[in-house]
Amino acid sequence: MNRTDIAILFPGQGSQEPGMGRDVADAMPEAMDLWKKAERASGLPLREIYWDGGDDKAMADTRNLQPALTVVNLSLWLRLAGRVTPACAAGHSLGEYAAAAASGALSVDSTLELVALRGRLMAEADPDGKGSMAAVLKLSQADVDAVVAEAAEATGQMIRIANYNTPGQLVLSGTRDAIADAAARVKDRKGRALVLPVSGAFHSPLMDEAAKELAKAMRTATWSRPRFAVYCNVTGQAVTDGESLHEVMTRQMTSSVQWIATVTNQWNAGVRRWVESGPKGVLTKMVGPILAASGVPAAEEGGWTAEGAGSLEQADALSF
């Protein structure tokens, strides 16, 4: 069924959980095949790590996480795809690769190869541990902009807003010294700064060398016209042709994630239902605060919904 009011969302790092995707893989041989393909592409025992291990550190390791979460996102999409053709899709950071695959712009095999490489490159991009990231809560964007400017001036080091998640949740990326300085300034302004357990300053210029290596592999992939628009992190805008999607995604690793703009632009284009194809429902929780900042009433009054398809049961319960 074609639905001009539905957007499919695919989450990124931070949405992992023990046992993720196992119920879908047990029910669908094609989903199990995705795990096997991802294990071949990455050379990693992904099912052992996420289904049998339960080790938080191993599950958060970006080498393991990027191919594994992409498999879960796409497995859940396989469960939905026969029932709905959405108006558009979007993915948060890593999730953008699943969005590209779901739209048909990238083959599944190419997607799994690229995210396996992306995970390795991002893990190796900062061997000396110079980079860091921190989520900032309870401050306005104007205050966070001021914090970033002050921390950059005080330390003389790189720092930026890497993720515009919601008006009340922005993520900083930069050197450890700059992030520590910014965190202190956030506290002084009565906000909260939570240092994230990541291996580098993602979505910043400190990822430049890794981005260049990934771009080489992206050039060898075939980029086709997507069946539905993909809203891209770099711009927050819809992309409807394969070459443009390739070009924009090549810049993703060193650019900020414009998630507020993504959801706002989807609303303005007529989207009224967001379905998250991935565990935990992190992105569905962001829709309300983003829309509220634009003056859109809460779901009951505003005529919109945001729901997760994070498991086999949840995916099967959705009606279109």
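Being of a type in the set (Gly, Ala, Ser), free of Cβ contacts under 8 Å to residues at least 24 places away in the same chain and closer than 22 Å to residue 318 by Cα is true for just one of 82, 19, 95. Which residue is that?
The unique qualifying residue is 82.
Given the conditions (1) more than 30 Å from residue 284 (Cα to Cα); (2) under 19 Å from the mean Cα position of the chain (by Cα); (3) of a type in the set (A, V, I, L, M, F, W, C), and given that residue 154 satisfies all but one, which numbered condition is not satisfied?
(2)
Considering each of 142, 151, 123 in turn, give the residue that is without any contact (Cβ under 8 Å) to a residue 60 or more places away in the chain, among the small types (Gly, Ala, Ser), part of a helix (DSSP H, G or I) and more than 30 Å from residue 306 (Cβ to Cβ).
Answer to the check: 151.
Quick grid of which residues meet (1) within 20 Å of residue 258 (Cβ to Cβ); (2) open to solvent by 10 Å² or more (accessible area, probe 1.4 Å):
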position: 100; (1), (2): yes, no
position: 107; (1), (2): no, yes
position: 119; (1), (2): no, no
position: 128; (1), (2): no, yes
position: 144; (1), (2): yes, no
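Taking only region 282-297 into account, find how many residues are part of a helix (DSSP H, G or I) and more than 14 Å from residue 262 (Cα to Cα).
Residues meeting the conditions: 2.
Regarding region 35-49, can at least one residue be identified that is over 25 Å from residue 256 (Cβ atoms), among the acidic types (Asp, Glu), open to solvent by 30 Å² or more (accessible area, probe 1.4 Å) and modelled with pLDDT of 95 or more?
Yes, region 35-49 contains a residue that is over 25 Å from residue 256 (Cβ atoms), among the acidic types (Asp, Glu), open to solvent by 30 Å² or more (accessible area, probe 1.4 Å) and modelled with pLDDT of 95 or more.
Given the criteria charged (D, E, K, R), modelled with pLDDT under 95 and surrounded by fewer than 22 Cβ atoms within 10 Å (Cβ to Cβ), does residue 300 qualify?
Here the answer is yes, as residue 300 does meet what is asked.
Find the residue count for region 298-313, including only residues that are within 20 Å of residue 75 (Cα to Cα) and either in a loop (DSSP other than H, G, I, E, B) or touching a residue at least 40 places away in the same chain (Cβ under 8 Å) (or both).
Final tally of qualifying residues: 5.
What tally of residues in region 79-95 results from selecting those that are buried (at least 24 other Cβ atoms within 10 Å of the Cβ) and either of a type in the set (Asp, Glu) or in a helix (DSSP H, G or I) (or both)?
1
In region 186-197, what count of residues is obtained for those that are modelled with pLDDT of 95 or more and open to solvent by less than 60 Å² (accessible area, probe 1.4 Å)?
Final tally of qualifying residues: 3.
Which one of these is open to solvent by 30 Å² or more (accessible area, probe 1.4 Å), under 30 Å from residue 19 (Cβ atoms) and not aromatic (Phe, Trp, Tyr): 269, 315, 306?
Testing whether each residue is open to solvent by 30 Å² or more (accessible area, probe 1.4 Å), under 30 Å from residue 19 (Cβ atoms) and not aromatic (Phe, Trp, Tyr) leaves just 306.
The values are calculated or read from the model by the stated rules, or taken from the named source; none is laboratory data. Nothing here was measured: the structure is a model prediction, and the numbers come from that model. Glycine gets a Cβ as well: all are built from the backbone with ideal geometry, and neighbour counts include every protein chain shown. Calculation scope for accessible area: heavy atoms of the full protein, side chains included, ligands and nucleic acids excluded. Shrake-Rupley method; radii C 1.70, N 1.55, O 1.52, S 1.80 Å.
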